[in-house]
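Encoded as structure tokens, the structure appears first; notes follow it.
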Amino acid sequence: MSDCSRRSFLKSLGAAAAVSASKMRAFYGVLAETPGSFPISNVFPNCAPLAKNVFYPFSLGAIRPKGWLLEQLRIQAQGLGGHLDEFWPDLSSDSGWLGGPGESWERGPYFLDGLVPLAHLLQDHTLLAKTNKWIDWTLKNQAATGMIGPSKNDDWWPRMVMLKVLTQHHEATGDPRVIPAMRRYFVYQLEELTDRPLRDWGKYRWQDELLSIVWLYNRTADSDLLQLAQLLRQQGYGWKSQFDSFQYTKRTSAKELGLQEGKPLPEIAMQTHGVNNAMALKTSALWWLFSKDSSELGGVERQLTMLDLYHGMPTGMFSADEHYAGKNPSQGVEPCAVVENMFSLECAVAVLGTPALGDRLERIAFNALPGAFTDDMWAHQYDQQPNQIECTLGQRPWTTNGPESNLFGLEPNFGCCTANMHQGWPKFTSHLWMAASNGAIAAIAYAPSELRSQVAGVPVLIEEETMYPFEEEIRLRFRPARPVRFPVALRIPGWAKRPAAYLNGKAIKNVHAGEFTMVTREWKPGDRLQLTFPMKVRTERSYNNSLVVCRGPILFSLDVEPEWKKLRTRGMSADWELRPASAWNYGLLTKGGKFLGQAEKMHPANSEDSIFSRKGAPITLELRGARISEWETTDGVAGELPQSPVTVAGPEEELALVPYAAAKLRITAFPEIARSKKTVEEF
Ligand SMILES: [Zn+2]
């Protein structure tokens, strides 16, 4: 069986998911079971009786962004990410999380969940001062009962977010107030939950609190925390069962979900809700730490398989606008779902050690994440579409979202993403590297960065230099204070054909796509590791047998010329409409199973622009295509995607394809126009 057919075979079998995840554990379990104290600093391994992770994240601050990633974080800080609180009423001094009479639910905590890591990664004193204001208020105003947050809203849910904020703040600062405050809060919650159980959002997002429980347990070993976790599990929604026998295989609708204005969302609407699903992706992995029930080990892969099968998008996300929306690439997904999906993958890959989760993380991070924003990160969309031909005010075939949803703006449709979207890049940065209990340092995802830690008491600096995800090479430089022996685990992407690794210029054996390659040696100052992941243009099949063009982890989309029109100023930001100033209804020409006229064009790096922007993208592709006249605009979206292969089309033209995020108007899933019987094979 070839790799490709094996992959689709595994995909088609839900049961296989559990097998492959437990195999993975059996392989890496060796790392997890090594006895003795943890040999790497800035890492807190799980305390018994919790099961062991395969990898542990480093504390915030151990990994620093460099190169294009540093520039991307700076762009974020110079945009809404660093200024939103200066003009958005929900984050003003009126916020309930600052003691004011205003917004007292999730928006303050959501904003901080991104601002805290951003401020520390950039070591930006202005941003640090902003975060401290909110954290100080929360810590200084804890009630005598132990409750935290605004007294006028006692919902458990926003507190689950604030706990994640406090843990990150503690990792970066060691603030001695955090652990006692968290202990008091959890004691209070354990007493209170029986009478005031989880409801609505908290009931569906309970696993996000597990993270903070694990975090605190690893520092205090308070046995009450294990009891609290059990109670959350009892009261929380059983996500695993939803995907074990998955019922929601079609696009949903407001009617079917029973939505009524002004009423809370019915259970079915909570279960099919995009952000809930994205947060839920980590549930099985985290609950396994407590239950050690081996059936949980396949839960993450099972959820991904079901969502891919029925609602999968080329970006690695699933459609949800605002609920499951099927596979049509004109459907959308919101930034909250993108950043929460990324965070769930970061948590899940730590527990499970499955390299494919790293592949998925990169795919979302390098496409869907920057795709949701303007290049300067001053505006975002609520719903981004893989095939996005206009972003205008008007009704769209969303499942339940409103007419503003695909505008680029301050808070199109709803302000949750305005507050929550800031965690995407900072948390991606702080999960690039992880540690294993045998002393291995693991590369989970790749981007220019540096890691500072200690292995067996020896200070170690690892520098990573690359223009990946565009460049095929990644260069690692080891700078231990003195020679020290430890393994390095390198994730080799599943898409890489003939990947290679070189240690001080000498090829390493057994480098296989879709696995971690281990290199164990005594590392000396100046040692170099070079990874080469050849990025041949490849294709994947999507909705109606359409073609998706990929190179490495990047998707390439038709660059439809956008005409920007400011709709209105929104404080320091603005809302924008985009209309197409060039044709979009193209298919890609193939002959004898190959693209016609394929060429790669390299562009000089321009360090001031995001590498995901139109100006800053270092690579574009040229392919030949032709217009398909019957493929027309319907309700502001590309009409039904013609079934491939298509035979009738207009004259041949040269098409420019740019990285997905650079094309704010785009076609990503293309009809294939086959000039012969043989069609392009999926790689
Ligand atoms: Zn949102």
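Observations on the model:
- Filtered residue count, the stretch 481-513, keeping only those that are in contact with a Pro (Cβ under 6 Å, 6 or more places away or on another chain) and either over 17 Å from Leu432 (Cα atoms) or of a type in the set (Lys, Arg) (or both): 6
- Of all the listed residues (Met147, Met162), the sole one being out of contact with any His (no Cβ under 6 Å at 6 or more places or on another chain) and surrounded by 21 or more Cβ atoms within 10 Å (Cβ to Cβ) is Met162.
- Sole residue being loosely packed, with under 14 Cβ neighbours inside 10 Å and closer than 30 Å to Leu69 by Cβ, chosen from Ser629, Ser582, Ser613, Ser607: Ser607
- The number of residues in the stretch 637-674 being buried (at least 16 other Cβ atoms within 10 Å of the Cβ) and in a loop (DSSP other than H, G, I, E, B) comes to 10.
- Helices (runs of 4 or more DSSP H) completely within the stretch 1-86 that count 1 or more residues being modelled with pLDDT of 95 or more and farther than 25 Å from Ala221 by Cα: 67-78, 80-83
- The residue list Thr429, Thr374, Thr418 contains one member that is of a type outside the set (Phe, Trp, Tyr), more than 16 Å from the ligand (Cβ to nearest atom) and surrounded by 24 or more Cβ atoms within 10 Å (Cβ to Cβ), which is Thr429.
- Within the stretch 485-495, one or more residues are in contact (Cβ under 8 Å) with a residue 12 or more places away in the chain, exposed (fewer than 14 other Cβ atoms within 10 Å of the Cβ) and of a type outside the set (Gly, Ala, Ser).
The rows are residues; the columns are (1) modelled with pLDDT of 95 or more; (2) among the hydrophobic types (A, V, I, L, M, F, W, C); (3) under 30 Å from Gly616 (Cβ atoms).
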position: Pro89; (1), (2), (3): yes, no, no
position: Val116; (1), (2), (3): yes, yes, yes
position: Leu122; (1), (2), (3): yes, yes, yes
position: Asp136; (1), (2), (3): yes, no, no
position: Ala143; (1), (2), (3): yes, yes, no
position: Ile148; (1), (2), (3): yes, yes, no
position: Asp154; (1), (2), (3): yes, no, no
position: His169; (1), (2), (3): yes, no, no
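- Meets criteria (within 15 Å of the ligand (Cβ to nearest atom) and either free of Cβ contacts under 8 Å to residues at least 12 places away in the same chain or under 27 Å from Leu84 (Cα atoms) (or both)) for Asn367: no
- For the stretch 202-218, the criterion of a residue being among the charged types (D, E, K, R), closer than 19 Å to Leu112 by Cα, part of a helix (DSSP H, G or I) and free of Cβ contacts under 8 Å to residues at least 60 places away in the same chain is satisfied by at least one position.
- Going through (1) charged (D, E, K, R); (2) farther than 16 Å from Thr399 by Cβ; (3) touching a residue at least 40 places away in the same chain (Cβ under 8 Å); (4) loosely packed, with under 15 Cβ neighbours inside 10 Å one by one, Lys250 falls short only on (2).
- Selection status of Leu410, within 14 Å of the ligand (Cβ to nearest atom) and touching a strand residue (DSSP E or B) at 6+ places or on another chain (Cβ under 7 Å): yes
The values are calculated or read from the model by the stated rules, or taken from the named source; none is laboratory data. All figures in this text were calculated on a predicted structure; none of them were measured in a lab. Virtual Cβ from ideal backbone geometry, glycine too; neighbours counted across all protein chains shown.
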